[in-house]
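Asks: Sharing a structure below in C-alpha cells format, with a few things to ask.
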Amino acid sequence: MPQVPCTHCNLTFDESVMITEKKGEETLYFCCKGCQGVYHLLESEGLDSFYDKLGDTKLQPAVQSSGDLEKFDLEGFKNKYIKEHEDGLYEINLIIEGIHCSACVWLNEKVLHKTPGVIEATINYTNNKAKVVWDPEEIRLSKIIETIRSIGYNAYPYDPALQEERAVKTRKEYYSRILVAVFGSMNIMWIAIAHYAGYFSGMEQRFKDILNVAEFILATPVLFYSGWVFFRGAYYGYKNKIVNMDTLVASGALSAYIYSIYAMVTQRGEVYFDSVAMIITFVLVGKYLEVLSKKQAVDTLDSIMGSTPTEVTVVNNSEKALVSVENVQQGDIIELKPGEKVVIDGIVSYGEGSFDESSLTGESEPVYKTIGDTILSGSICLDSVIRYEATKDASSSLLHAIVSLLEESITKKPRIERLADQISGYFSTVILLIALLTFTGWWYFGGNFEQALITGISVIVIACPCALGLATPMATLVGISIAAKRNILFKEAGFLETMAKSDLLALDKTGTITEGRPSVISEYPYDDYDKNLLYALVSTSNHPVSKGIKVYLETEGEYTDIPLEQIKTVQAKGIEAVCDDQKLIGGNAAFMREHGMACDETSEHTLFYFALNGQIVTRFELSDTIREGAKEAVAAIKALGIRVVMLTGDHEESAKRVADAVGIEEIHARLLPQEKAEMIDRFHEEGHIVVMAGDGINDTIALAKSDIAIAMGQGADVAISVSDVVLMDEKPQSIYEAYRISRRTYRAVKENLGFSLLYNLVAVPLAMAGFVNPLVAALSMSLSSLVVVGNSMRIKMMKFVVRSA
C-alpha cells in the first residue's frame, strides 16, 4: 500500500491504516482521531492557514483529550498536588469546571460518593473547589477525573496561578451571552408593542407575518446562544437522571419557541418569541449576578501561602545555599535578613533583633528576640540579621498548621447549603410534572392538541421561577448596595441571610474593639524639661510607642525642629541621641536600668521613660485606645437580643479593663488561635449561629470556623481574605449596622418568597384550568418579578440610629 502523509501532522503511514474523509474533491487522511479533531478545530476557528505556514514540517500526532488522564497518576503530579494521610488515603483539591448552580454541586458530589474507592467529596460552591479523599488501593485519580468528565464537567488540580485567568474567562463568557440576550429582548419588546396593538385593534396577516419573522430572527440567538448554558445543564441532568432548574428553563423556553414557530408557519394562534427571550434573559442575568457575587477567584489560602517564601537561606559550614522549604530538616541553621518572613519554627542561635508578630498575635508592638528565644513561622524579622536552628519541618510549623486548620474549616459545608442542593431538584421536578400532567389531561379529555400544548406551556412559563429566583438575590443585592455605601462590604449575598439569623457575636480585642495603636493615657513628669528635645527624639523612630508619644505631643502644641546627633536605636528597648552637650535617652524600664538609672515601676500598660544626662525627667503610660463608639455599638447590638462575648489572647487584667469600658460581661482571655477556634465550636455545640469579628492571623482559624467572619479593613490580609464581611471604616457601629441591614434584608427575602409561593399557588392552578394563555403567563411572570423588585427596593428606606449607652 502507498504511504500517505497525515493532513495534520505530516507523518506518513500506510493508506490502509489512515482515517479518510472527503472535503469536496479532496481526500483528507488522518493518522488518528486526535489529529482529525485538531484539524477540524483549527478549520472551525478560521486558523487553517496554519497548514500553509507549516509546510512540510512534521508534528507530533495530536493527543486525544482522554490521553491526558495519564498525567494524574504520575509520581511528579502526586508529589506536587496530592497529600497522603497517615492511614494511607490520598487527598487532593480540585477545581470543578462547569458548575453553575447548586444542583451541579449536588450531582458531582452524588456521582463521586457512588464511585467505589472515593471516601469523601465536598465541593465549595463559592469557588467550585472540591476536596476529594480516596483509597489509592481501590481507584486511581485518573479514574476519578474521568468520572467527573463523563457527566459533563471538567476537573483539574487546584493551582492558584490559574484561578484568576479562568474566572475572568467565565465572566467574559457570561457577559457576551447577556449582551446578546439583552439586545434581542429589547428589540423584541419594541416589536411586541406593535404586535399587542394589532392584537387588540386588528392587523392584516401580512404585517403580522413580518413581525413574527422579525421576532423569530431575534429570539433564535437569544435561545440557542445566550440560553446554551441552560440546555447544556438540562442535557447532563437528563443524562444523569435528575431534573434541575436548567431543565425547567430550557423546556419552558424551547416549548414556547417550537409552538411559536408552528403558529408563525401555520398562521394560527399567537407567537410567544418575546416570552422566550425574556425567560432566557431574566434567568441568565440572575446567573451572571451570582457569578459576580462569588468570592474572589484567588482562594483564602492563596493570600496566606502566596506571600510565604518558597525558599530559605540555609547555612552549612559557613556556606550559604537557597533550599526549598520542603527540604529543610530539623536542626538546619537558617539565616534571616531584615524584612524576611519566618516560614519554619526555630530557636535563635545567633544575633538579636525585633520581630513583627502582629499577624500571629494581633499585637502591634514588635517583640525583641535574642539567643535562645523561640521564633514562630508567620512573624517577620524587622531590623537585624538572625540565624536560628529549625526545630520543626515546614509541614509541622505554626503557619502550616494554621493553613491546614483553615482549609479544613472552609471545606465544611453548612446544613442550609446541602438542603438547598436537594430542594432545587424537587422544585423543578414538581413543576415539570404538573405541566406534563396538565398537557396530558387537556389532550385526553379535550382532544385538542394545540390547546393542550398552550396550556402546558402556560403552566411552565407562569411558574418559571423568575419571581422565586429573584426573591433572594434581588433583596440581598439591594442590601449589599446599602451596606457598601456605609463602608460595609459583604463578599457574598448569602452572608446577609446567615448574619440575620445570628444570635452570638464574638469580638477580638486588639484592633477590633481597640484601635491597635498605643496612645498616651497619662504623663508623670519628675522635673521640668524641654519638650522640643523629646519631640525631636521620638520623631527619629517609627516604633508604635514613639509614634503614640509624638501624636500626644502634637496635640499639646507646636515644636521647634532640633537637629540631633549620634542617633542610635536599640530595638525593643529604646532610642538615644546627643543634642549639643546633652545626652537624650528614651525607652522602657530595662533600657533605663542599662544606663544606670533606677526604674522599677510596674503597670498593666506600656511605660516609656525620657531621661536627660542620666536623670529621668518624665514617664508616659500608654494604652491601646478603645475605638470611638464601641460602647454604644455593643449596647445597641445587645438590644437586638444578641449575646456579645470577647475572645482575646491578652491577659485577664487588660481584657477585663477593655470589656468593662465597652459593656461586655463575658470574657475569654489568654486564648491561642486554636483555642479561639475551639470556643467557636463550643458555641456551635450550644446551638448558636456565630458572627466573629477580628483582624489578625491569630483570629483566622476562629473566623473560618464562624458562620460569618467580619474583618477590619486595615487588618491583616489573611483575616480580610478569610472574612465574609469587611468593615472599611473599622467603626464598631458598622457591626451593628451590618446586623440591621442583614435582618431587614432577610425580612424582605421572606416577604418575597412568601409572595412568590402565594403567586405560584394561585397562578399555576389557574393556568392548569386553562384560564391563562402563554401571553398572559409571560406578563404575569414579569409582573410578579416587578413586585419582588419593588418590595426589595423598600429596604433603602431603613434608617440607622445608634443611641448613647
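Asks: Can you name the condition, by its number, that Asp528 falls short on among (1) open to solvent by less than 50 Å² (accessible area, probe 1.4 Å); (2) touching a residue at least 60 places away in the same chain (Cβ under 8 Å)?
Replies: (1)
Asks: While we're looking at this one, here's another question. If a residue has to be buried (at least 20 other Cβ atoms within 10 Å of the Cβ) and at pLDDT 80 or above to count, how many in the stretch 753-791 make the cut?
Replies: Residues in the stretch 753-791 being buried (at least 20 other Cβ atoms within 10 Å of the Cβ) and at pLDDT 80 or above: 6 in total.
Asks: Moving on. Has the stretch 606-619 got any residue that is in a loop (DSSP other than H, G, I, E, B) and on the phi > 0 side of the Ramachandran plot? Let's see the steps before the verdict.
Replies: Narrowing the stretch 606-619 to residues in a loop (DSSP other than H, G, I, E, B): 613-614.
Imposing the further condition that a residue be on the phi > 0 side of the Ramachandran plot reduces the set to 613-614.
The answer is yes; a qualifying residue exists.
Asks: Right, here's the next one. Take the stretch 257-270 and flag every residue that is at pLDDT below 80 and either buried (at least 20 other Cβ atoms within 10 Å of the Cβ) or part of a helix (DSSP H, G or I) (or both).
Replies: Going through the stretch 257-270, the residues at pLDDT below 80 turn out to be 268-270.
Across the stretch 257-270, there are no qualifying residues.
Asks: Hey, any hits in the stretch 652-660 for a residue that's open to solvent by 30 Å² or more (accessible area, probe 1.4 Å) and either part of a strand (DSSP E or B) or touching a Gly at 6+ places or on another chain (Cβ under 9 Å) (or both)? Reasoning before the result, please.
Replies: Step one: of the stretch 652-660, the residues open to solvent by 30 Å² or more (accessible area, probe 1.4 Å) are 652-653, 656-657, 660.
Then drop every residue that is not either part of a strand (DSSP E or B) or touching a Gly at 6+ places or on another chain (Cβ under 9 Å) (or both), which leaves none.
So far as the stretch 652-660 goes, no, none of its residues is open to solvent by 30 Å² or more (accessible area, probe 1.4 Å) and either part of a strand (DSSP E or B) or touching a Gly at 6+ places or on another chain (Cβ under 9 Å) (or both).
Asks: Related question: So if I check each of Glu558, Glu576, which one is under 50 Å from the mean Cα position of the chain (by Cα), modelled with pLDDT of 85 or more and at negative phi? Break it down stepwise before answering.
Replies: On the way: Glu558 fails: modelled with pLDDT of 85 or more.
Exactly one residue qualifies, and that residue is Glu576.
Asks: Return a yes/no flag: does the stretch 643-661 have any residue that is of a type outside the set (Gly, Ala, Ser), in the same structural domain as Tyr736 (by TED's automatic domain parsing), farther than 29 Å from Ser603 by Cα and more than 26 Å from the chain's Cα centre (by Cα).
Replies: Within the stretch 643-661, the first condition is being of a type outside the set (Gly, Ala, Ser), and the residues that meet it are 643-648, 650-653, 656-658, 660.
Applying the additional criterion that residues be in the same structural domain as Tyr736 (by TED's automatic domain parsing) yields 643-648, 650-653, 656-658, 660.
Right, trim to farther than 29 Å from Ser603 by Cα and you get 643.
Then drop every residue that is not more than 26 Å from the chain's Cα centre (by Cα), which leaves 643.
Yes, the stretch 643-661 contains a residue that is of a type outside the set (Gly, Ala, Ser), in the same structural domain as Tyr736 (by TED's automatic domain parsing), farther than 29 Å from Ser603 by Cα and more than 26 Å from the chain's Cα centre (by Cα).
Asks: Something else now. Collect the residues in the stretch 201-239 that are under 16 Å from Ser260 (Cβ atoms) and among the small types (Gly, Ala, Ser), keeping them in residue-number order.
Replies: Those that are under 16 Å from Ser260 (Cβ atoms) and among the small types (Gly, Ala, Ser): Ala214, Ala219, Gly227.
Asks: I'd like to check something: does the stretch 195-203 contain any residue that is at pLDDT 75 or above, part of a helix (DSSP H, G or I) and crowded, with 17+ Cβ neighbours inside 10 Å?
Replies: No, there is no match, as no residue in the stretch 195-203 is at pLDDT 75 or above, part of a helix (DSSP H, G or I) and crowded, with 17+ Cβ neighbours inside 10 Å.
Asks: Continuing with the same structure: Is there a residue in the stretch 581-601 that is more than 19 Å from Asp527 (Cβ to Cβ) and loosely packed, with under 11 Cβ neighbours inside 10 Å?
Replies: Checking the stretch 581-601: not a single residue is more than 19 Å from Asp527 (Cβ to Cβ) and loosely packed, with under 11 Cβ neighbours inside 10 Å.
Asks: Further question: Take the stretch 569-580 and flag every residue that is outside any loop (DSSP other than H, G, I, E, B) and either among the small types (Gly, Ala, Ser) or exposed (fewer than 11 other Cβ atoms within 10 Å of the Cβ) (or both).
Replies: Within the stretch 569-580, the subset outside any loop (DSSP other than H, G, I, E, B) is 569-570, 574-579.
The answer is Gly574, Ala577.
The values are calculated or read from the model by the stated rules, or taken from the named source; none is laboratory data. Note that the structure is predicted; figures quoted are calculated from it, not measured. Every residue, glycine among them, receives a Cβ derived from its backbone with ideal geometry; neighbour counts consider all protein chains shown. Areas reflect the complete protein model, heavy atoms only, side chains present, ligands, DNA and RNA absent. Shrake-Rupley method; radii C 1.70, N 1.55, O 1.52, S 1.80 Å.
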